[in-house]
Amino acid sequence: MSTDYEPARRRFMQLVGAGTVTAMGARPILANAGTGAISDASSAESSAEPGSGTIHQFEMSIEERMVDVTPEFESKVWAYNEQVPGPLIHVREGDTIEAVLKNRTEEMHSIHWHGIPQTGTWRSDGAPGITEPGVSSGSSHTYRFTANKPGTLWYHCHQGVPNHVGIRGMWGPLIVDPKDPIPLEREVTKDAILMFSGWNPDVAKDYFALSDPTGGMRYFSINGRAFPHNQPLRVREGDVLRLRLMSVSADVAFHLHGHDMLVTHQDGRPLNSPELVDVVYVAFGQRKDVIVRMNNPGRWPAHDHQEHHLSNDGKTPGGLFFVVEYEEIEHDPWYYWARKEYDPDFYFQESLQRGYGLIEQPQFRGRSF
Ligand SMILES: [Cu+2]
């Protein structure tokens, strides 16, 4: 099997085996340190509490931005750290997160840490009017909690959810590496995050036109971009591919051609009976992890099987569709993406290898307007 990098988890397990879990081993490499992200692990030794993991301290902001879902369709968003999806937050089970959220928009927002039980820290659950007053325009709020549930989690605003989460991009991935991964997880050579959401072109330029704009969704995207404006996912024969499928505001009946997928985790937890499937349904808010042995070289469509998610406002092909490309297969000149400029981090493949803390993806930044 050929691997061009060591999965972060395997690296971590090696460190555990060697008894050298130190601040240096956990030091995150930030994709961009220019927008308020604080490197956490450099101070881990001084801030570690007995019996707890590393403390990750970082700042997050919310900004008004415009994003291109396709070259023909742009939408106003409220973007965590200027980007949609929001930045990757990657920690280990038992680590503590201390996030300072600064709201630079006119509207009230919050962060709900979806999947975190908030044991003893219910005031950090991020539900305005219930667990906190809400983070109003110009103010800031600190969330502090322990990531005591592992797996594929996510974070999102909990104010005006149908608008803010539904079509305004207020969501991002929260990956908590388990203390005790299942054996197959340790074999993974390529790890990818896919977040599925919808967009409403009728109200894209008016933040406040509808409190619930979800009924008019006519664009659908993976990590904020609709086909063909999204990206292929490249693998090599012998790779063990993990897809972390996350339904944000579009459910998905996900189908990968040419391979069966083993559904190993649901909502972060390993399943007692993993199932080998060729379609996997992911309900709203749900996450399912599938692990696929890449043993069938070719160029393979991967897509939602709900046809109404496969157009860009009626124009096909579009929506929740992409291609898994084996590197061994040369691009035919007639291939749809034959001359596509490749982004190797579109599915967070590289960001997931960058260590721990808050890790930004500059390619997902929206623009000012
Ligand atoms: Cu919000």
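Looking only at the range 72-98, filter to residues that are within 30 Å of Ala209 (Cβ to Cβ) and open to solvent by 10 Å² or more (accessible area, probe 1.4 Å); which one of those is farthest from the chain's Cα centre (by Cα)?
Top of the filtered list is Glu72.
Just checking, does the range 182-195 include any residue being at pLDDT 95 or above and within 16 Å of the ligand (Cβ to nearest atom)?
There is no residue in the range 182-195 that is at pLDDT 95 or above and within 16 Å of the ligand (Cβ to nearest atom).
In the range 169-209, which residues are touching a helix residue (DSSP H, G or I) at 6+ places or on another chain (Cβ under 9 Å), part of a loop (DSSP other than H, G, I, E, B) and within 23 Å of Pro232 (Cα to Cα)?
Scanning the range 169-209 gives a single hit, Val188.
Any idea which of (1) over 18 Å from the mean Cα position of the chain (by Cα); (2) under 23 Å from Leu210 (Cβ atoms) is the one Arg123 doesn't satisfy?
(2)
Report yes if Lys205 is in contact with an Asp or Glu (Cβ under 6 Å, 6 or more places away or on another chain), in contact (Cβ under 8 Å) with a residue 40 or more places away in the chain and among the basic types (Lys, Arg), otherwise no.
In short, no.
The conditions are (1) open to solvent by 30 Å² or more (accessible area, probe 1.4 Å); (2) assigned by TED's automatic domain parsing to the domain that holds His308; (3) away from the ligand (no atom under 16 Å from the Cβ), and Leu210 fails exactly one of them. Which is it?
(3)
Only one of (1) within 16 Å of the ligand (Cβ to nearest atom); (2) closer than 29 Å to Ala226 by Cβ; (3) in contact (Cβ under 8 Å) with a residue 24 or more places away in the chain fails for Val161. Which number is that?
Tallying (1) within 16 Å of the ligand (Cβ to nearest atom); (2) closer than 29 Å to Ala226 by Cβ; (3) in contact (Cβ under 8 Å) with a residue 24 or more places away in the chain, Val161 fails exactly one: (3).
Filter the range 90-146 for residues that are within 14 Å of the ligand (Cβ to nearest atom) and charged (D, E, K, R) and give the result.
Passing the criteria: Lys102, Arg104, Glu106, Glu107, Glu132.
Only one residue in Ile175, Ile167, Ile193 is surrounded by 23 or more Cβ atoms within 10 Å (Cβ to Cβ), in the same structural domain as Val280 (by TED's automatic domain parsing) and within 23 Å of Met60 (Cβ to Cβ), so which one is that?
Matching residue, one of Ile175, Ile167, Ile193: Ile193.
Just a yes or no: is a residue in the range 66-74 within 16 Å of the ligand (Cβ to nearest atom), aliphatic (A, V, I, L, M) and at pLDDT 95 or above?
Yes: one or more hits.
Out of all the residues in the range 95-132, which are touching a residue at least 24 places away in the same chain (Cβ under 8 Å), on the phi > 0 side of the Ramachandran plot and of a type in the set (Gly, Ala, Ser)?
Gly115, Gly126, listed by residue number.
Tell me yes or no: at least one residue of the range 321-337 is closer than 20 Å to Arg218 by Cα, open to solvent by less than 10 Å² (accessible area, probe 1.4 Å) and within 19 Å of the chain's Cα centre (by Cα).
So far as the range 321-337 goes, yes, one or more of its residues are closer than 20 Å to Arg218 by Cα, open to solvent by less than 10 Å² (accessible area, probe 1.4 Å) and within 19 Å of the chain's Cα centre (by Cα).
Could you please find all residues in the range 250-266 being open to solvent by 10 Å² or more (accessible area, probe 1.4 Å) and either in a loop (DSSP other than H, G, I, E, B) or within 15 Å of Gly319 (Cα to Cα) (or both)?
Across the range 250-266, the qualifying residues are Asp251, Ala253, His255, His257, Gly258, His259, Asp260.
For Pro297, state whether it is in contact with a Ser or Thr (Cβ under 9 Å, 6 or more places away or on another chain), in contact (Cβ under 8 Å) with a residue 60 or more places away in the chain and open to solvent by 10 Å² or more (accessible area, probe 1.4 Å).
No; evaluated as a whole, the condition is false for this residue.
The values are calculated or read from the model by the stated rules, or taken from the named source; none is laboratory data. Since this is a predicted model, take the numbers as computed values, not measurements. Cβ: placed from backbone, ideal geometry, glycine included. Neighbour counts: every protein chain shown. Keep in mind that these areas ignore ligands, DNA and RNA; they rest on the heavy atoms of the full protein, side chains included. Shrake-Rupley method; radii C 1.70, N 1.55, O 1.52, S 1.80 Å.
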